[in-house]
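One structure is given below, encoded as structure tokens.
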Amino acid sequence: MTELPARRPTDTDDLRLDPRLREQVRELGRLLGAVIAADRGSDFVNTIEQIRALAKQARSGAAEGWAPLQQFLEQIPGPDTLSVARAFNQFLNLANIAEQNHQIRQLREQASILQLPDHDDLTETIEGLNIQLVLTAHPTEILRRTMIQKYDAIADALTRLGNPGDDQQRVEGDLTRLIAEAWHTDEIRQQRPTPQDEAKWGFAVIEQSLWQALPRTMATLDKALHDLDLPMLDLRAAPVRFAIWMGGDRDGNPNVTATVTREVLMLARWMAADLLLRDVEQLLASLSMQACTPELAELAGDEQEPYRAVLRQLRNRLRRTRDWAEGMDPRPIDDICYDTDSIQQPLLNCYRSLVACGMERIANGPLRDTLRRVACFGPTLVDLDVRQNADRHTQVLDELTRHLQMDRNGRSYGDWSEAERVDFLLAELQNRRPLLPAHWPASDDSAEVLATMAVIAEQEAAGISEYIISMAAQPSDVLAVILLLRAAGLQRQLPVVPLFETLDDLQNAAGCIDALLALPWYRDYCAGYQQVMIGYSDSAKDAGQLAAAWGQYQAQAELTEICHRHGVALALFHGRGGAVGRGGGPAQQAIMSQPPGSVAGRLRVTEQGEMIRFKLGRAELATDTLNRYLSATLDATLQPPRKPTAEWQALIEQMASQAHSSYRQVVNEDPDFVALFRDLTPEQELGTLALGSRPARRTASQDVASLRAIPWVFAWTQIRLMLPAWLGTDSAMDQARDHLDALRDMLGWPFFSMQMDMLEMVLAKADPVLVGYYARHLTDAAQQQAVAALCQRLDTLTETMLELREYDELLARDLALADALRVRNTYLDPLHLLQAELLKRFRAAGDDVDPALGQALKVTMAGIATGLRNTG
């Protein structure tokens, strides 16, 4: 048996959790116990309770330490390990539900008030905002959609628990039944979802949550403006919109093809028509009034109920639109709702008539909500981003120039210099002859790129917001995409967005955009608007969290200055993940930590994986999230954060340089690191989880560079080392220890304050004791020494953080979160110990793995991800 050291005593019986939250957690635990007892018997429930009590005892610093828990878990029969893992996993999911319900209860108890800054022309400023939340299919949502639906139903029933207006016996019966359904359902996907499945999940978030949240958010804005004696927003205004990557992001994902993209575009149109049809049907039932303006009467003909007459016409067009979309033929037909105006105008006519006839209260009911939805979602529901790697476009042009014998001195496009590429691309963009021959032997990869361009062009990019280029580095990367789109027949000047991902790319981003905007042809094309995407995930994996964060900040500041100099409006697209190691953090704090002037009313940001469910999955939470984005974007636009002093910039520059060097010494220069990573973490086994349609690696190589940022962060989180979020930063903080007073002053700088807040949260979630347990179970003696050294660095960083904060414990400013983590640890600890043991057995079995063992291992991964929440 491998011994674990004792812990610092923690009084988990005297937690500062809200009593209502504590009671709901206990009630859900009690009902889960009853369900498990009915299935496995009371003896098994007693086993679970004994494990929980031993975990709590170990955490409390009891003299016996971890030995009793370890011994007990080792004695559990193999077939029972799956049920044990499932029990703790289910409890953590139920705890998440209780916490979300508590958050919603608090939102309901607080008046839904949006604090607006005092500013001239505030209404016009809000109408001019361009905020887009982009839902991505990044595979950190570990739950099956079936389980999400069951948990949503449990959450709905939980809101009725304790409500005097509900039959409590019936509520408890509903909760018990729903928990039983969850217990008897396999929580782990057995097959990877298709891109279409992922898109449908994204559409379901809109249907079940955002469809209600958007008009609520707009109503809150209108009320806030009214309270300031300002006019409400124009009904055609849409300061917040939504986009998706599901079905459009083909970077490293061969499952996203041109056919898939076309199908997702049509599925979105079908969903938009269906949702709007439901709205119009409700309006038909309620708008039975007769008084109307002459203009509406003319539209209605001789009908006695003019509003219903106009709405029936709209309903019929929406029905035809839905049928057309279901046929998956993108060619438009007559008399459908193809553009926003075809839906918006009849509704506006009804609204204006009601107001003119003294029925403003009626106009500002469900009709105004529908108008708000039309302005935001329109006939396409969401905008679809298309993303592809820059190398794929280079490959197409290289093959083409070789086929057409357009080589230069025996060199084809792939071998040309940047200047030669730009000259060629600009010449071809201004050449009237077709670029592509009718038939040529393009490779399969190149043919797929061209097919995607054709799909974009076939509807003049309707429903497509932009084309994103991964690993962009030069102006030619942007011009190449524009040329291929033009060759496919696209007339619209679709925004083509370079994505700068590595630290080197971030440092060169300003120079690239400066050179691009210096091209007169491109200046005409972009029409005074330039969007740039900043990659948080890959830059953090490439350089470490602190160095990457400072690189991102500097790149944004430089891009802001360059676009201002060129007279071009800059929109920054933030590709942030849920975990700190991938740029995650609270939206408001993240927005206010951007360089001054970089927001300017324009913000695009990804919402990824499990964070979509936690922030947007229920209407009340989504409304709060949208309010926060609006408020923070307004503040950052009208009241930009302070600019860092020269002294602060010099100190953070030194820290970032030290952090970068220290990070790369471990991750890139230590020849034994990759083997340690693969042995210590479940990185190899993560591939067995059917998390998403995209492969975990870009290439077949087994090095860190080929691994995507999501499994990189996910794997380290599973063992509680959280290495991507702090490695390198520890060295920088240690070096700056003589400047703690200066660092404390820097906490007044939003950028640095957020870095420290997120680092403190990571340190609170990290657990060197558990890391050591994994090491002793899964690695050799030399590797264990390396892990011990990393854990020592983590401990030293924790001491430095406490010294900086002048606290005795982490999260002293957020005691509720600290207590929530303590509660979760009681259920997470058994999962971690089980996972280490299961990983050992799984690897020893080789190709002869018992399916139950593999399933139990997957459940521990799911449970740990659920308990820690922002895992990837």
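The values are calculated or read from the model by the stated rules, or taken from the named source; none is laboratory data. Worth saying up front: this structure is predicted, and the values here are computed from it rather than measured. Positions of Cβ are generated from backbone atoms using ideal geometry, with glycine treated the same way; all protein chains shown enter the neighbour counts. All accessible areas refer to the heavy atoms of the entire protein, side chains included, with ligands and DNA or RNA removed. Shrake-Rupley method; radii C 1.70, N 1.55, O 1.52, S 1.80 Å.
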* Structure fact -> Charge dipole of the chain built from unit charges on the beta carbon (Lys, Arg +1; Asp, Glu -1), centred at mean Cα; most positive-end Cα among 208, 616, 409 is 208
* Taking the alpha-carbon centroid of each part, what is the distance from segment 513-549 to segment 342-401 in angstrom? -> 27 Å
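Extension gain residue 37-residue 745, at 0.36 nm per residue separation less the Cα-Cα distance, in nm? The partial results should precede the final answer.
Details: separation 708, 0.36 × 708 = 254.88 nm, distance 5.61 nm.
Extra length available between residue 37 and residue 745 comes to 249.3 nm.
Hey, if we sort 150, 765, 643 by accessible area with the 1.4 Å probe, largest down, what's the order? List each step's numbers first, then the result.
Details: 150 45, 765 20, 643 150 Å².
So, going from the largest accessible area down, we get 643, 150, 765.
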* Asked: Among 272, 574, 221, whose Cα lies farthest out toward the positive end of the dipole of the chain, if unit charges sit on the beta carbon of Lys, Arg (+1) and Asp, Glu (-1)?
  -> 272
* J(HN,Hα) series, segment 85-91, from Karplus relation 6.51 cos²θ - 1.76 cosθ + 1.60, nearest Hz, glycine and proline x -> 4, 5, 4, 6, 4, 5, 4
* Between residue 132 and residues 5 or more places away or on another chain, which pairs have amide H atoms under 5 Å apart, with H built 1.01 Å from N, and which residues are they? -> 241, 603, 604, 605
* Using a simple spin-label model with points 7 Å from Cα along the Cα→Cβ vector, what separation in nm is obtained for residue 229 and residue 734? -> 6.2 nm
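Would you mind getting me the FRET efficiency between residue 776 and residue 181? Use the beta-carbon distance for r and R0 = 35 Å, nearest 0.05. Write down the numbers at each step before the final one.
Details: r = 39 Å, r/R0 = 1.12.
The computed FRET efficiency comes out at 0.35.
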* Net dipole in debye of the chain [+1 Lys, Arg Cβ; -1 Asp, Glu Cβ; about Cα centre; nearest 20] -> 1180 debye
* Asked: What is the set of long-range amide H partners of residue 464 at a cut-off below 5 Å, with H atoms built 1.01 Å from backbone N?
  -> 384
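Not counting the cut sites, what is the longest span of the chain without GluC sites (Glu not before Pro) that DSSP labels loop and that have at most 13 other Cβ atoms within 10 Å? Each step should come with its number before you reach the end.
Working: sites that count: 3, 64, 460, 669, 806, 809.
Between the exposed loop sites, the longest stretch runs 65-459.
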* Asked: Per-residue HN-Hα couplings for segment 537-543, Karplus 6.51 cos²θ - 1.76 cosθ + 1.60 at θ = phi - 60°, whole Hz, x for Gly and Pro?
  -> 5, 6, 5, 5, 5, 6, 10
* Structure fact -> Distance in nm between residue 361 and residue 391 label points, each 7 Å along Cα→Cβ, equals 6.6 nm
* **Gained length - residue 492 relative to residue 568, 0.36 nm times residue gap less alpha-carbon distance** => 25.4 nm
* Structure fact -> Of all C-alpha pairs within segment 34-114, those more than 23 angstrom apart amount in percent to 41 percent
* Unit charges at the beta carbon, dipole of the chain: most positive-side option, 479, 25, 534 -> 25
* Asked: What share of the DSSP beta bridges in the chain is antiparallel, in percent to the nearest 5?
  -> 5 percent
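Would you work out the charge dipole size for segment 756-857 about its Cα centre, treating the Cβ of every Lys and Arg as +1 and the Cβ of every Asp and Glu as -1, and quote it to the nearest 20 debye?
On the way: 10 positive and 17 negative charges, 57 e Å.
The dipole magnitude comes to about 280 debye.
For the chain, what does the relative contact order come out to in percent, with C-alpha contacts under 8 Å and a separation of six or more?
Details: 1331 pairs, mean separation 151.6, N = 872.
Computed over the chain, the figure is 17 percent.
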* Specify the inter-centroid distance of segment 279-338 and segment 813-839, based on alpha-carbon positions, in whole Å. => 55 Å
* **Residues in segment 791-815 that a label on residue 669 would reach, taking backbone N under 20 Å of a point 7 Å out along Cα→Cβ** => 791-794
* Restricting things to alpha carbons, tell me how big the chain is in terms of Rg and Dmax, in Å. => 28.3, 89
* Pairwise label distance in nanometres, residue 784 with residue 302, each label 7 Å out on the Cα-Cβ vector -> 9.5 nm
* Asked: Once the piece of chain linking residue 423 and residue 291 is laid out straight, how much longer is it, given 0.36 nm per residue of separation minus the C-alpha distance between them?
  -> 41.0 nm
* Approximate shape of segment 526-661 as ellipsoid semi-axes (Cα gyration tensor, √5λ), whole Å, largest first -> 24, 20, 14
* **In range of the label at residue 803: residues from segment 741-770 whose backbone nitrogen is under 16 Å from the point 7 Å along Cα→Cβ** => 741-745
* To do: Work out from phi, with θ = phi - 60° and the Karplus expression 6.51 cos²θ - 1.76 cosθ + 1.60, the ³J(HN,Hα) of each residue of segment 17-31, listed in order in whole Hz, and give x for Gly and Pro.
  => 5, 4, x, 5, 5, 4, 5, 5, 4, 5, 5, 5, x, 5, 5
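Which entries in the list 150/615; 56/150; 541/840 go over 24 Å, if you measure between the two C-alpha atoms of each?
Details: 150/615 18 Å; 56/150 29 Å; 541/840 27 Å.
The answer is 56/150; 541/840.
Pairs of alpha-carbon atoms within less than 8 angstrom and 6+ residues apart define the contacts here; what relative contact order does segment 472-606 have, in percent?
On the way: 195 pairs, mean separation 32.3, N = 135.
Rounded, it is 24 percent for segment 472-606.
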* Asked: How about segment 605-691: which trypsin sites (Lys or Arg not before Pro) there are in a DSSP loop, with at most 16 other Cβ atoms within 10 Å of their Cβ?
  -> 642
* Report the relative contact order of segment 264-407, percent, no decimals, based on alpha-carbon pairs under 8 angstrom and at least 6 residues apart. => 30 percent
* Just in segment 361-452: which trypsin sites (Lys or Arg not before Pro) are loop by DSSP and have at most 14 other Cβ atoms within 10 Å? -> 432
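Suppose only helical runs count, i.e. DSSP H with n ≥ 4. What mean residue ellipticity at 222 nm does that imply for the chain under -39500 (n - 2.57) per run, divided by all residues and rounded to the nearest 500 deg cm²/dmol? Before the final figure, lay out the partial values.
Details: 37 runs with 532 residues, N = 872.
Computed mean residue ellipticity for the chain: -20000 deg cm²/dmol.
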